[in-house]
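Working notes, structure below.
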Amino acid sequence: MKNLSRRDFLKVSTNSLLALTGLLGLGGLIRFLSYKADPTPPSEFDVGPEINYTINSRTILAQIPAILIHDDEGLRAVSLVCTHLGCTVEERNFGFECPCHSSRYDPTGAVLKGPAKVDLRKLRVEKAEDGNLHVFTA
């Protein structure tokens, strides 16, 4: 084997490190360009037949998240996503409260106390031909 001078050793080392850096950067670029975005979440949820929801009931639908209210006025749904920063609100004796920043809402979703300034979103509820209820988030 030929003896390498100090200058040759430094040149080979530098070129090797530059090549390795370039390959690592190219690998990162390939991963970036091959990224697949998450699929869009569903905007329609089948929540079962209407007979599952008795009059004067309030059913939390965790998969949406929302609450389905069946009262004398009929069926309606209210989103449980806080309008301040998007946390999921929790049911309390006065209505709902956001665990992140303590926004409070009454049982219908109207703001009682900030920092949220907008009421909880009302969601559309429809009865399908098969008799099941569908909740729409969009």
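A few notes on this one:
- Averaged over residues, the count of other Cβ atoms within 10 Å places the peptides 65-78, 125-138 in the sequence 65-78, 125-138, highest first.
- Values (1) 1.97; (2) 1.07; (3) 1.27 are given for comparison; Cα Rg over 2.2 N^0.38 Å, derived from the coordinates here, is the one labelled (1).
- Rolling a 1.4 Å probe over the protein heavy atoms of the chain, with every protein chain left in place, gives an accessible area that is 58 percent carbon and sulfur.
- Of the chymotrypsin sites (Phe, Trp or Tyr not before Pro) in the range 86-130, those whose Cβ has at most 14 other Cβ within 10 Å and which sit in DSSP loop: PHE94
- Positive dipole terminus of the chain, leading residue within LEU23, VAL89, HIS101 (C-beta point charges): LEU23
- Per-residue ellipticity at 222 nm, computed for the chain from helices alone with -39500 (n - 2.57) per DSSP H run of at least four residues, works out to -7500 deg cm²/dmol.
- Heavy-atom SASA rank of VAL12, VAL47 (probe 1.4 Å, accessible area, largest first): VAL12, VAL47
- Extension gain, SER43 to PHE136: 0.36 nm times the residue separation minus the Cα-Cα distance gives 32.9 nm.
- Accessible area expressed per residue, the chain, with surrounding protein chains retained (probe 1.4 Å, Å²): 71
- Principal-axis tilt of helix 6-33 within the chain, Cα atoms, nearest 10 degrees: 20
- Label-to-label distance, ILE55 versus ARG31, with points set 7 angstrom from Cα along the beta-carbon direction: 6.0 nm.
- Projection of the Cα convex hull of the range 1-57, averaged over all directions and equal to a quarter of that hull's surface, yields 9.6 nm².
The values are calculated or read from the model by the stated rules, or taken from the named source; none is laboratory data. Since this is a predicted model, take the numbers as computed values, not measurements. Quick reminder, even Gly has a Cβ in these numbers, built from the backbone with ideal geometry, and neighbours come from all protein chains shown. In case anyone asks, the SASA skips ligands and DNA or RNA and just uses the protein heavy atoms, side chains included. Shrake-Rupley method; radii C 1.70, N 1.55, O 1.52, S 1.80 Å.
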